[in-house]
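The values are calculated or read from the model by the stated rules, or taken from the named source; none is laboratory data. What you see is a predicted model, and the numbers here were worked out from it, not measured in a lab. Heads up, the Cβs are rebuilt from the backbone with ideal geometry, glycines too, and the neighbour counts pull from every protein chain shown. The area values use the complete protein model at the heavy-atom level, side chains included, leaving out ligands, DNA and RNA. Shrake-Rupley method; radii C 1.70, N 1.55, O 1.52, S 1.80 Å.
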Amino acid sequence: MAIRKLKGGKPEADKAEDDRKVRETVETILADIETRGDAAVRELSAKFDGYSPGAFRLTPSEIEAAMQKVSTRDMEDIRFAQAQIRRFAEAQRASMTDIEVETVPGVILGHRNIPVQSVGCYVPGGKFPMVASAHMSVLTAAVAGVPRIVASAPPVNGAPHPAIVAAMQMGGAHEILCLGGIQAVGAMALGTETLDPVHMLVGPGNAFVAEAKRQLFGRVGIDLFAGPTETMVIADDTVDAEMCATDLLGQAEHGYNSPAVLVTNSEALATATLAEIDRLLQILPTAETAAASWRDYGEVWLCDAHEEMLEVANDIASEHVQVMTDRDDWYLENMTSYGALFLGPRTNVANGDKVIGTNHTLPTKKAGRYTGGLWVGKFLKTHSYQKVTTDAAAAEMGAYCSRLCMLEGFVGHAEQANLRVRRYGGKNVPYGEAAE
């Protein structure tokens, strides 16, 4: 048995240097936003987007005017996509219940699922205005019951993107900003003279947006540490090279640094897929971007057995994993590290990106080893509570607690417990000693 890497990407040292440059740029810009507020945001918007309106928050009339520019068919498609995403999010929300249990007589423990009180949802624009990201963040936050949802997307051709504005409004945003990049997430997280800060940031973005979220984490919550889009195709000889190449390039077009990985046990399929990728890059309208990603971040792994393919897949922990084999459900049962699975040739990653109902904001850079993607539960905080309802329970718990506190040397803690033993148990516990 053997695992061979038939194609690799640029050296890890080069990738690390790219990350360092992004990190330094973001640090400087966030410090400027925190110091100068609206003035810094306006300068950054003018510099990077050529956009400096009277106000970045859209008025109701501006929102309506933007929505009027969206065609009837596009509005119908947005409604259909949002219906699917809402249906799945509502089912997920229903699975999360508040609990209360009496663990011993007189001791009540429970938890409540409370929505985050304000969320900033970033929707990428730039080369590809991602209308679907508005559904994934804004609508899901609305299903969770978040009372203040701020949504922001950069201008496209010098104006708010009509379909993005429509998706934000229909998804349930309370405030809509036409603002992009580091300045958008920085303004939402840190606040300015005209924008109250939020408690949490969510949504995908380019390397600078992702790094800004990483640096702001702690000041605010975030959905996850997100890097460039990643895709993996796990395939055997049950599918052909055209399908593998199409699914790899379909995600590689996201950006110049979007990893695309083929894992297969068929050398014939690997060779044919490499040739098919070369062919498709001659006709794909987004080939300039996809070709750069494939050249620098594309990989092909050849394995002898499905067990080896599984090992490689779990180690890479790709954001999107398209499985097209004679045992797709086996991968579903055994995969442990990934963002989302797409099982069988009839589905594809684009379904999940745009319409099928699962969320497309997913973990990258191996984060699938410890977290899943954005879902309604990310907008809910599970808070515990306790209450003791009888004198006997107060005294019993107090005695145990007193002794355990003294075991650790926490005398003040022990006195909190001893007071209850004396008050509710009628026992005289000397100050600074453990209860019997």
Measuring from a point 7 Å past the Cα of ASP77 along Cα-to-C-beta, which residues in the range 111-132 have an amide N at less than 18 Å?
124-132
Could you give the dipole magnitude of the range 1-115 about its Cα centre, charging the beta-carbon of Lys and Arg +1 and that of Asp and Glu -1, in debye to the nearest 20?
580 debye
Which stretch or stretches of the range 387-402 have amide N atoms under 19 Å from the point lying 7 Å from TYR431's Cα along the Cα→Cβ direction?
402
Considering the chain as a Gaussian network with a 10 Å cut-off on Cα pairs, which listed residue, LYS21, LYS366, LYS354, attains the greatest mean-square fluctuation?
LYS21
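Add -39500 (n - 2.57) for each DSSP H run of 4 or more in the chain, then divide by its residues: what number comes out at 222 nm, to the nearest 500 deg cm²/dmol?
Here the helix-only value at 222 nm equals -14500 deg cm²/dmol.
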Residues of the range 1-131: accessible area per residue at 1.4 Å, in Å²?
60 Å²
Given N residues in the range 49-158, what is Rg(Cα) / (2.2 N^0.38 Å)?
1.47
Counting only other residues whose beta carbon sits under 10 Å from that of THR231, what net charge do I get with K and R as +1, D and E as -1?
-3
Build a GNM of the chain with springs between Cα atoms under 10 Å: which of GLU76, GLU308, GLU319 gets the top mean-square fluctuation?
GLU76
Let me check against my output: what whole-number percent is the relative contact order of the range 186-257, with C-alpha pairs under 8 Å and at least 6 apart?
24 percent
The chain - percent of accessible surface contributed by carbon and sulfur, probe 1.4 Å
53 percent
Per-selection Kirkwood Rh - the chain (Cα, Å, 1 d.p.):
24.4 Å
Between LEU332 and ILE99, what length comes free when the chain is fully extended (0.36 nm per residue of separation minus the Cα-Cα distance, one decimal in nm)?
80.9 nm
Over the range 61-118: Rg over Rh, Cα atoms, Kirkwood Rh:
1.33
Within the set SER258, SER318, SER384, GNM on the chain using Cα springs under 10 Å gives the largest fluctuation to SER384
For the chain, list the DSSP H helices whose alpha carbon atoms reach 30 Å or more along the long axis and whose average Kyte-Doolittle value is -1.0 or above?
72-94
Distance cut-off 26 Å, Cα to Cα: go down the list LYS127/LYS381; LYS7/LYS378; LYS10/LYS365; LYS7/LYS213; LYS21/LYS127; LYS69/LYS378 and report the pairs above it.
LYS127/LYS381; LYS7/LYS378; LYS7/LYS213; LYS69/LYS378
Which value does Rg/Rh take for the range 293-421 over its C-alpha atoms, Rh per Kirkwood?
1.31
If each part is reduced to its alpha-carbon centroid, the range 400-421 and the range 184-259 end up apart, in Å, by 48 Å
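Where a ≥ b ≥ c are the square roots of the eigenvalues of the C-alpha gyration tensor, would you call the range 1-46 rounded, which needs a/c under 1.5, or, failing that, prolate if a/b is larger than b/c, or oblate?
In terms of gyration-tensor shape, prolate.
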Long-range Cα-Cα pairs in the range 1-92 (distance over 20 Å), rounded percent:
71 percent
Mind giving me the nanometre distance, one decimal, between the label points for PHE128 and ASN351, set 7 Å out from Cα along Cα→Cβ?
1.9 nm
Gyration tensor (alpha-carbon) shape descriptor, the range 329-376, a/c threshold 1.5
oblate
